[in-house]
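A short reminder: the numbers here are calculations on the coordinates, not readings from a lab. Computed from a predicted structure; not experimentally measured. Neighbour counts are summed over all protein chains in view; Cβ atoms, including those assigned to glycine, are modelled from backbone coordinates with ideal geometry.
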Amino acid sequence: MIQPLRWWHIEEVLAIEADLFGAEQWSAAMFWNELANGHHYLVATGDEEILGYAGLTVQPPDEAWVQNIAVRRDAQRRGIGRTLLEALLAEAARRGVRKVLLEVAVDNGPAQKLYGAYGFEAVGLRRGYYQPSNTDALVMMRHDD
């Protein structure tokens, strides 16, 4: 089930962040800030546990950034990331957004493939974007005319 991310979900989301992203994980304060600023965040749940989460920041009039999409390791390869991405894209469309962008690690082929299936194309590179690993980020964009 997809539902809005609420403050009481943050602790469980942080456990997923720590497992997936290690030293590059977001902090509780970062998630609190996203919610406080009214950004669109969702969680995917199953059996009352969070399986994944995703966030979208809309920059009027017609641009949005996917902030993160993460799925718990033991829940990957079940379409949860795809479902979360579709929900973010639907929200972007609902708000009249025509251009959606995101950053993805250059070594994350599965995520790049997923985004490509939804019309995202590489448009740039941010060298050393992810810290402390100094991993480059590929900037991808989807433009709806």
So E49 and M1, fully extended at 0.36 nm per residue minus their Cα-Cα distance, gain in nm 16.3 nm
Work out how much length A36 to Q76 would gain on full extension: take 0.36 nm times their residue separation and subtract the Cα-Cα distance, in nm to one decimal. 11.5 nm
Rg in Å to one decimal, and Dmax rounded to a whole Å, for the chain via C-alpha atoms: 14.5, 40
Taking 0.36 nm per residue of separation and subtracting the Cα-Cα distance, what length does fully extending D136 through A93 add? 12.6 nm
Kindly list the residues of segment 39-81 that lie in the label zone of Y118, defined by a backbone N under 12 Å from the point 7 Å along the Cα-to-C-beta vector. 42, 53-57, 65-70, 80-81
Distribution of pairwise C-alpha distances over segment 75-145, 5 Å bins, in %: 4, 16, 24, 22, 19, 13, 3, 0
Over the chain: helical MRE at 222 nm, DSSP H runs n ≥ 4 each giving -39500 (n - 2.57), nearest 500: -9500 deg cm²/dmol
So if R0 is 30 Å, what FRET efficiency would E11 and R127 give, r being the distance between their Cβ atoms, rounded to the nearest 0.05? 0.35
Quick one: compute the contact order of the chain, relative version, from alpha carbon pairs under 8 angstrom and 6+ residues apart, as a percent. 19
